[in-house]
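A short reminder: the numbers here are calculations on the coordinates, not readings from a lab. Fair warning: this is a prediction, and the values are worked out from it, not measured in the lab. Glycine also receives a Cβ, built like all others from the backbone with ideal geometry; neighbour counts cover every protein chain displayed.
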Amino acid sequence: MKIVVLKFGGTSVGTIEKIKTVAEIINEYKRKKFKVIVVSSAMSGVTNELIKKSKGISDNFSDVEYDVLVSSGEQIACSLIAGRLNHIGHKSRSWLAWQIPIFTKGVHKNSRIYTINKKKILKYLEDGGTPIVTGFQGINEHERVSTIGRGGSDATAIVLAKFFKAQRCIIYTDVEGVYTTDPNKTNKARKIKEISYEEMLEMASLGAKVMQPVSIQDARLNRINIEVKSSFVKKPGTLITKRSNIINNKIITGISSTQNDSKVSLIGVKDKPGVAASIFKPLSKNSINVDMVVQNISANGKETDLTFTIKTDDLKKTKKIIESNKNIRFKKLLLKKDVAKISIIGVGMITTPGVTFRMFQTLANKKINIQVISTSEIKISVLIDKRSVKKALIALHKEFKLDN
Ligand code: ADP
Ligand code: ASP
Ligand code: MG
């Protein structure tokens, strides 16, 4: 069977008109004799609205009910797509994750798909049907509905492509592909023809919302090529593939930024073994993700300052946990909301010296102060004042010759 998996994001199914366009795109693949498996996200804005509703009910809304609630948007979009395909003469039906089933493991709100029962979908494809599968959701070992993290429909599509050995996996979205930086932030952003899994994973993890990071990990492990393209214009998109398939002479492939970070500093912490662990253990127990960490060299050998970043959503909880932590002593707790992380990413930096210097010099020339730094083999991230993000982005984009 010649199978293709097509995933449509929220904006692609955001209105009735757009859903009609989606049905036309599916129709084209049917005409080319593909067996099509469709994955859809919720209509744009719906998931956010549902989350808002849960917060209105309680600031302690249960994670189990959260998953039941926020996964419901996908049901609506899938039934509308199936309905439209029926209207234009195709055999099609919606499939909620539990009906297939798509099994997940792990905690609510952030589960992982680990297996899919293929039988019913295969039979349906053989019978000429087009299944429209709800992205983002699954069912766990307790037969409860689960979700796999924001933007998770990307991962649903890639796992389906893996299990059904699809020839192609195409992510349809509201931009023409993966760009050197968010095209909605600067018109200098350039569409990337091909990008490696490693670079895409860094870009996504560091803020490029166009693909969900987990989905890229799954694609990389299973060597699944992903095409990202627009559902609005017929133009070639971006291919996400293995590094050896790519000829790229750029040092930096892309720049990502995040906006909702906060900085936490503990001033005058007792400098003794185990202190960092005592600070971070309760945070990790409460599923608070600590990102960048710096610890100053202790000036007097007794006390030190420790700084780290977290998501602003976790700030209140973090403050509470630190203040009630009896295992640590410090003089002052400083919390800062208006920070942002900007990162340059590229496999080219492995072999090119001087990239760090060029990044820091570019920011210095723009009088942008660097608060925290973190690096890996293929990325450099810095924490800066939130108000300087756009200026930094434009300057770095130019410095590394990414402008179109
Ligand atoms: P969908 O609803 O289709 O899943 P998303 O909103 O999740 O779409 O992702 C698409 C958005 O990602 C774009 O509208 C764009 O603003 C944003 N984006 C951020 N960084 C990038 C990038 N490097 N390339 C393309 N889009 C990006
Ligand atoms: N609807 C979900 C979300 O908004 C999943 C997705 O868009 O992929 O996060
Ligand atoms: Mg998305």
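Could you tell me whether region 58-74 includes any residue that is surrounded by 17 or more Cβ atoms within 10 Å (Cβ to Cβ), touching a Leu at 6+ places or on another chain (Cβ under 7 Å) and aliphatic (A, V, I, L, M)?
Checked region 58-74: at least one residue is surrounded by 17 or more Cβ atoms within 10 Å (Cβ to Cβ), touching a Leu at 6+ places or on another chain (Cβ under 7 Å) and aliphatic (A, V, I, L, M).
Run down 374, 324, 381, 388 and say which single residue is under 25 Å from residue 194 (Cα atoms) and out of contact with any helix residue (DSSP H, G or I) (no Cβ under 7 Å at 6 or more places or on another chain).
381
What number of residues within region 29-39 are away from ligand 3 (no atom under 16 Å from the Cβ) and touching a helix residue (DSSP H, G or I) at 6+ places or on another chain (Cβ under 7 Å)?
Number satisfying all stated conditions: 3.
Does any residue of region 185-198 turn out to be within 16 Å of ligand 3 (Cβ to nearest atom) and among the hydrophobic types (A, V, I, L, M, F, W, C)?
No: region 185-198 contains no residue that is within 16 Å of ligand 3 (Cβ to nearest atom) and among the hydrophobic types (A, V, I, L, M, F, W, C).
Restricting to region 163-184, count the residues that are more than 16 Å from ligand 3 (Cβ to nearest atom) and part of a loop (DSSP other than H, G, I, E, B).
Residues that pass the stated criteria total 6.
Is there a residue being within 15 Å of ligand 3 (Cβ to nearest atom), over 15 Å from the mean Cα position of the chain (by Cα) and surrounded by 24 or more Cβ atoms within 10 Å (Cβ to Cβ) anywhere in region 141-150?
no
Please determine whether any residue of region 112-120 is away from ligand 2 (no atom under 16 Å from the Cβ) and hydroxyl-bearing (Ser, Thr, Tyr).
Yes, the conditions are met somewhere in region 112-120.
Within region 194-209, how many residues are surrounded by 21 or more Cβ atoms within 10 Å (Cβ to Cβ), in a helix (DSSP H, G or I) and either aliphatic (A, V, I, L, M) or out of contact with any Ser or Thr (no Cβ under 9 Å at 6 or more places or on another chain) (or both)?
4
Would region 343-362 turn up any residue that is exposed (fewer than 15 other Cβ atoms within 10 Å of the Cβ), of a type in the set (Phe, Trp, Tyr) and outside any strand (DSSP E or B)?
So far as region 343-362 goes, yes, one or more of its residues are exposed (fewer than 15 other Cβ atoms within 10 Å of the Cβ), of a type in the set (Phe, Trp, Tyr) and outside any strand (DSSP E or B).
Results for (1) surrounded by fewer than 12 Cβ atoms within 10 Å (Cβ to Cβ); (2) over 18 Å from residue 273 (Cβ atoms), shown as yes or no for each residue.
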position: 293; (1), (2): no, no
position: 297; (1), (2): yes, no
position: 308; (1), (2): no, yes
position: 315; (1), (2): no, yes
position: 318; (1), (2): no, yes
position: 324; (1), (2): yes, yes
position: 327; (1), (2): yes, no
position: 333; (1), (2): no, yes
position: 340; (1), (2): no, yes
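Of the residues 26, 16, which single one is closer than 26 Å to residue 209 by Cβ and either within 16 Å of ligand 3 (Cβ to nearest atom) or buried (at least 22 other Cβ atoms within 10 Å of the Cβ) (or both)?
Answer to the check: 26.
How many residues, within region 143-162, are closer than 13 Å to residue 101 by Cα and either away from ligand 2 (no atom under 16 Å from the Cβ) or part of a loop (DSSP other than H, G, I, E, B) (or both)?
The total comes to 2.
From the residues in region 66-92 that are under 23 Å from the mean Cα position of the chain (by Cα) and more than 16 Å from ligand 1 (Cβ to nearest atom), which one is farthest from residue 148 (Cα to Cα)?
In this case the residue turns out to be 75.
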